[in-house]
1. Tell me which residues, restricted to the stretch 87-107, are within 19 Å of LYS48 (Cβ to Cβ) and not small (Gly, Ala, Ser).
2. Across the stretch 108-147, what is the total count of residues that are β-branched (Val, Ile, Thr) and either within 11 Å of PHE225 (Cα to Cα) or in a strand (DSSP E or B) (or both)?
3. When only residues in the stretch 132-148 that are touching a residue at least 40 places away in the same chain (Cβ under 8 Å) and of a type outside the set (S, T, N, Q) count, which is surrounded by the fewest Cβ atoms within 10 Å (Cβ to Cβ)?
4. Output the number of the condition that GLY93 fails; it satisfies all remaining conditions of (1) small (Gly, Ala, Ser); (2) in a helix (DSSP H, G or I); (3) in contact (Cβ under 8 Å) with a residue 12 or more places away in the chain.
5. For a quick check of your reading of the model, give me the residue pairs whose first member lies in the stretch 149-171 and is under 22 Å from GLU191 (Cα atoms), whose second is outside any loop (DSSP other than H, G, I, E, B) and among the aromatic types (Phe, Trp, Tyr), with beta-carbon atoms closer than 6 Å and at least 6 apart or on different chains.
6. Mind checking whether some residue in the stretch 179-199 is surrounded by 13 or more Cβ atoms within 10 Å (Cβ to Cβ), in contact (Cβ under 8 Å) with a residue 24 or more places away in the chain and over 30 Å from ALA10 (Cβ atoms)?
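What follows is calculated from the coordinates using simple rules that are stated; it is not laboratory data. Note that the coordinates shown come from a computational prediction; the quantities given were computed from them, not determined experimentally. Because the Cβ atoms are built from the backbone with ideal geometry, glycine has one as well, and the counts that use them run over all protein chains shown.
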Amino acid sequence: MTSLPASVEALRREVLEQNLALVRHGLVTLTWGNVSGLDSATGLVAIKPSGVDYGEMTAEDVVVVDLHGKVVAGALRPSSDLPTHLVLYREFGTAVGGVVHTHSRKAVAWAQAGAEIPAFGTTHADHFFGPVPCTTPLSADEVVGDYEENTGLAIARRFRDGAIDPAAVPGVLVAGHGPFTWGASPRKAVENAVALEQVAAMALDTLLVRADAPVLPDWVLRKHFMRKHGPNAYYGQR
């Protein structure tokens, strides 16, 4: 039996809890979703096992791998989305301590349309400093090749080409697929997944009310984001 540092064992328990939180928040159907977390001290990643029912999982079922995908602990196969998660940890650096992937209904609708989610209001601005971007579709070669890793590379490319800060916009839509979110911890990544689904639903409703609805003015967007996330943030009990 592999002996793990206490911090990694604690991370496994946190990853289990945050996978269960996806169920509580109504973000997953069947086993369509996964949460991972990074232990920065060791560079080890804990992630949900592939295809295992949430109600049956234990902390020991959570698989631990290194940043190249080598299994360090756990008897089950890691999530099939592991390579995507690992790309995000490697590419986005300190902005990411946890990653979430779901097939939540409203966010998937935007992804299937290949459209970014506009920042129509302050709820959006509280979590995402601008539109939630959508990747370009993967090529046939990218899908036939290392599909999950290429998915991660497509996300990283969209942020790089768009000069988007992953710490300011902690989520993305993969065209034809669904959302990924991230945060400083697995818990924060789940919070961003909840927020993304809500702003996706609100944006759809906005367009139903008014097809040419204006996006939020930049000065309002900036104010709402910075009061929660900026250097002089004053939202909450700090």
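1. VAL87, LEU88, TYR89, VAL96, VAL99, VAL100, HIS101, THR102, HIS103
2. Residues flagged as β-branched (Val, Ile, Thr) and either within 11 Å of PHE225 (Cα to Cα) or in a strand (DSSP E or B) (or both) within the stretch 108-147 amount to 4.
3. ASP146
4. Checking GLY93 against (1) small (Gly, Ala, Ser); (2) in a helix (DSSP H, G or I); (3) in contact (Cβ under 8 Å) with a residue 12 or more places away in the chain, the one that fails is (3).
5. Listed by first residue and then by second, the contacts come to PRO166/PHE92; PRO166/PHE159; PRO170/TRP182.
6. Among the residues of the stretch 179-199, at least one is surrounded by 13 or more Cβ atoms within 10 Å (Cβ to Cβ), in contact (Cβ under 8 Å) with a residue 24 or more places away in the chain and over 30 Å from ALA10 (Cβ atoms), which makes the answer yes.
Yes/no per residue for (1) within 17 Å of the chain's Cα centre (by Cα); (2) surrounded by 19 or more Cβ atoms within 10 Å (Cβ to Cβ); (3) in a helix (DSSP H, G or I):
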{"site": "SER7", "(1), (2), (3)": "no, no, yes"}
{"site": "ARG12", "(1), (2), (3)": "no, yes, yes"}
{"site": "LEU16", "(1), (2), (3)": "yes, yes, yes"}
{"site": "LEU27", "(1), (2), (3)": "yes, yes, no"}
{"site": "GLY37", "(1), (2), (3)": "yes, yes, no"}
{"site": "GLY55", "(1), (2), (3)": "no, no, yes"}
{"site": "VAL64", "(1), (2), (3)": "no, yes, no"}
